[in-house]
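Since the structure comes first, as structure tokens, the remarks are kept for the end.
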Amino acid sequence: MAQPPQPELRLDSDAGAVFVLESKGKWWHAGFHLTTAIVGPTILTLPYAFRGLGWILGFFCLTVMGCVTFYSYYLMSLVLDHCEKAGRRHIRFRELAADVLGSGWMFYFVIFIQTAINTGVGIGAILLAGECLQIMYSNLSPNGSLKLYEFIAMVTVVMIALSQIPTFHSLRHLNFASLVLSLGYTFLVVGACIHAGLSKNAPHKDYSLESSSSSRVFSAFTSISIIAAIFGNGILPEIQATLAPPATGKMFKGLLMCYSVILVTFYSASVSGYWAFGNKSNSNILKSLMPDDGPSLAPTIVIGLAVIFVLLQLLAIGLVYSQVAYEIMEKQSADVNQGMFSKRNLIPRLILRTLYVIFCGFMAAMLPFFGDINGVIGAIGFIPLDFVLPMLLYNMTYKPKTSSLIYWINLFIMVVFTGAGIMGAFSSIRKLVVDANKFKLFSSDVVD
């Protein structure tokens, strides 16, 4: 049986990993990284996700996915602790999966899924940041000539500069600022939605679902995939790798910090946005607050501040997810050219990271599907990595008795979310194909 490459922590043999994943962090640093990886401007998509679920099912799915992801991330941290105590400290998701499951193909499967997630998040972050700039520009200059792809190009240039930050651990202060920003724009958007819902220009509140039963089913699974993407964090082992050993117990504290922020932000954003706009909610609720065919539904200063906070946090999110993509690229390139990515040799790193960011920016400008991208990433990326694999890894590592409750809970979660992932992938890709008729290449409007 083919064996996956084993993790080596010597600088001369695995410079990419040591350079990107420095192990110096405290538990609160892990909390900052986790919060930035999960709590991002994608929460502004939650009212849009409720559009396909309604109030009751929307709350149910939001709560269940929150509980399941906290549970799965905790189980994964236990598996990582178990391996570390056994002398096999893993700093990459792909090597953890291959070690526990004993299969070489799993190593490359996780590489594929992680790369898809990281690239998708990178594209989505650049796209949403470009849209935020466009919102600010259109408010200041309604008849301006700049297009969406030009704002995306501006964001891409900034991301190229920031991409040269060398290590994940180096982002800890930036990610603390990201946590504060997420709370800031959430409160601003919630206040703006309440103001919009009570104003004289408030849109008609319609919470009905689609009339066709088949359309309701497809919309529901697309919404489930979007919520999965919002809760998703396909880089937990890499985040735990930033902690100074031993990491036992530190990730649990980091998760508690992260999910405290989630509790405040996710529910307030989804309730206020869906209450104000119902089934007319946009995939970016900021667009609902500033309709094209009427006056702004909230004070300009409030929306402007929210847009600025979102824009700043998007840069941090793009950096967090890109770090793992950089590590994958730099590790593979270092295997070809040993020592290429030492701390003294920065040119290859600069070139690879620049090319990666340019690719993400180009795809964001060419295919502006924000809501659809979220759904596809959730279905084919975050569901298998965050809702299925952690339970499988735990059962394979700790081998609970088949008569035990935890064994059947884990098995039930795996079966349910495997089915949800398959249906979500089908419905999300179907919606992507349907929406393809609504846009042209390098469009100046983001397609819902």
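The values are calculated or read from the model by the stated rules, or taken from the named source; none is laboratory data. The model shown is predicted, which means the values in this text are computed figures rather than measured ones. Here the Cβ positions follow ideal geometry from the backbone for every residue, glycine too, while neighbour counts run over all protein chains shown. Ligands, DNA and RNA are excluded from the accessible area calculation, which covers all protein heavy atoms including side chains. Shrake-Rupley method; radii C 1.70, N 1.55, O 1.52, S 1.80 Å.
Below is a table of values for the structure above.
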| quantity | calculated |
| --- | --- |
| Ile358, Ile422, Ile123, reordered so the largest accessible area comes first (probe 1.4 Å) | Ile422, Ile358, Ile123 |
| Carbon plus sulfur fraction of accessible area for region 41-438, probe 1.4 Å, in percent | 71 |
| Base-10 log of normalised Debye intensity for region 41-438 (one unit scatterer per alpha-carbon) at q = 0.13 Å⁻¹ | -1.14 |
| Region 239-299 shape via C-alpha gyration tensor axes, a/c threshold 1.5 | prolate |
| Under-5 Å amide H pairs with Asn282, H placed in peptide plane, nonlocal only | Ser288 |
| Net charge of neighbours whose Cβ lies under 15 Å from the Cβ of Gly361, counting Lys and Arg as +1 and Asp and Glu as -1 | 0 |
| Two-site label geometry, His173 and Val264: point separation in nm, points 7 Å out along Cα→Cβ | 2.3 |
| Solvent-accessible surface (1.4 angstrom probe) belonging to Val190, in square angstrom, nearest 10 | 30 |
| Formal net charge of residues neighbouring Gly234 (Cβ-Cβ distance under 15 Å; K, R +1; D, E -1) | -2 |
| Computed accessible area, Trp28, all protein chains, 1.4 angstrom probe, square angstrom | 100 |
| By accessible area with a 1.4 Å probe, ligands and nucleic acids excluded, highest first: order of Trp55, Trp408 | Trp408, Trp55 |
| Per-pair calculated FRET efficiency, R0 = 35 Å: Val180 and Ala202 via Cβ, rounded to 0.05 | 0.70 |
| Per-residue ³J(HN,Hα) for region 303-314, Karplus 6.51 cos²θ - 1.76 cosθ + 1.60, θ = phi - 60°, Hz, x for Gly and Pro | 5, x, 5, 4, 4, 5, 5, 4, 4, 5, 5, 4 |
| Which listed pairs, of Lys85/Lys253; Lys250/Lys401; Lys24/Lys85; Lys24/Lys287, have C-alpha distances above 30 Å, in listed order | Lys24/Lys287 |
| Cβ-based net charge around Met154, under 14 Å, with every Lys or Arg adding one and every Asp or Glu removing one | -1 |
| Accessible-area value, Ser138, 1.4 Å probe, nucleic acids and ligands omitted, Å² | 50 |
| In sequence order, calculated HN-Hα J values of region 380-392 (Karplus, 6.51, -1.76, 1.60; Hz; x Gly/Pro) | 9, x, 6, 4, x, 7, 10, 10, 10, 4, x, 5, 5 |
| Integer Hz, Karplus 6.51/-1.76/1.60 couplings in order for region 219-225, x for Gly and Pro | 5, 5, 6, 5, 5, 4, 5 |
| Rounded, prolate or oblate (a/c below 1.5 giving rounded, otherwise prolate when a/b exceeds b/c) for region 270-316 by Cα gyration tensor | oblate |
| Largest to smallest accessible area among Ile308, Ile230 [probe 1.4 Å] | Ile308, Ile230 |
| Under 5 Å, built H, 5+ apart or other chain: amide partners of Leu243 | Gly25 |
